[in-house]
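All remarks here apply to the structure that follows.
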Amino acid sequence: MDAFFLLLFITAVGITSFLLHRHQLIQRDREIKRSLPLPPLGKSNLNPPLKGAKIHSKINKVDKKAPIKPVSWLQLVSEMRRKNDFDAALMLCREKFPLYTAYKQATIILRSRLDSKKTNTEVRKTLTLELYRVAAAAELIHSKKMGSNNIPPSKLKRLDMERINSFSFKYNQLGYLELPLLTKQDIRIIVDMWGEPTKHGTPRVVYQKRLHELLVFQRV
């Protein structure tokens, strides 16, 4: 009986030693694996694709584009003149009256039409009269004569353009010397068509009363 317990004790000790030894081997193997360096990452893993990356890329490309600048009416007039669309260009200038720049552009357009060889005599008469009226109206509103008072912008915006356009600027009272928008070529055409005027005067002096009425009785 004692021999049996002794054998059982020896067997238990052996199994315990075996299990303890195996446990130590497993622990040592784990420690070795932990101490080893990690394997290098592949190129594909360095920069993994982000969801929505293409969308952000397109948005950035759009943002980098230069902002579209608004087209001014002067640019539109210039483009119309380049395409020989004089009627549309002149209409746009009339819409911008009483701006001095609009009057100046209108004289350039009318002058271009007068220079055209396709313009017949009757049309030339109409264009010459309109050129003269535009130059006279511009000087009436924006007198360039030294000492003249400028009309305040607040009143300028409220001028009754229908009444100004209905003015009958008389050539024999105004002449051409006091109309700065008329060129020497314009004056030659006018004199050839109407002859020399009786006298020369400034629109501000000749039509002082009518201009005063316009400034006093403005549309509200």
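Things worth noting here:
- Pairing residues of the stretch 105-134 that are under 11 Å from Phe86 (Cα atoms) with residues that are aromatic (Phe, Trp, Tyr) and assigned to a helix (DSSP H, G or I), at Cβ distances under 7 Å and at least 6 apart in sequence or on separate chains, gives Ile109/Phe86; Ser112/Phe86; Arg113/Phe86.
- Scan of the stretch 127-163 for residues that are among the aliphatic types (A, V, I, L, M), out of contact with any Phe, Trp or Tyr (no Cβ under 8 Å at 6 or more places or on another chain) and part of a helix (DSSP H, G or I), ordered by number: Leu127, Leu129, Leu131, Leu156
- Which listed residue, of Ile164, Ile187, is within 16 Å of Ala138 (Cβ to Cβ), out of contact with any Gly (no Cβ under 9 Å at 6 or more places or on another chain) and surrounded by fewer than 18 Cβ atoms within 10 Å (Cβ to Cβ): Ile187
- Sole residue being aromatic (Phe, Trp, Tyr), in contact with a helix residue (DSSP H, G or I) (Cβ under 9 Å, 6 or more places away or on another chain) and under 24 Å from Val205 (Cβ atoms), chosen from Phe86, Phe97: Phe97
- Any hit, the stretch 172-187, residues being more than 24 Å from Val206 (Cα to Cα), small (Gly, Ala, Ser) and part of a loop (DSSP other than H, G, I, E, B): no
- When residues of the stretch 81-93 are limited to those that are modelled with pLDDT of 95 or more and closer than 23 Å to Gln185 by Cβ, the one surrounded by the most Cβ atoms within 10 Å (Cβ to Cβ): Cys93
- Residues of the stretch 115-126 satisfying the condition of being at pLDDT below 90, surrounded by 12 or more Cβ atoms within 10 Å (Cβ to Cβ) and either within 15 Å of Ile190 (Cα to Cα) or in contact with a helix residue (DSSP H, G or I) (Cβ under 8 Å, 6 or more places away or on another chain) (or both): Thr119
The values are calculated or read from the model by the stated rules, or taken from the named source; none is laboratory data. Small disclaimer: the values here were computed from a predicted structure and weren't measured. As a convention, Cβ positions derive from the backbone with ideal geometry for all residues, glycine included, and neighbour counts pool all protein chains shown.
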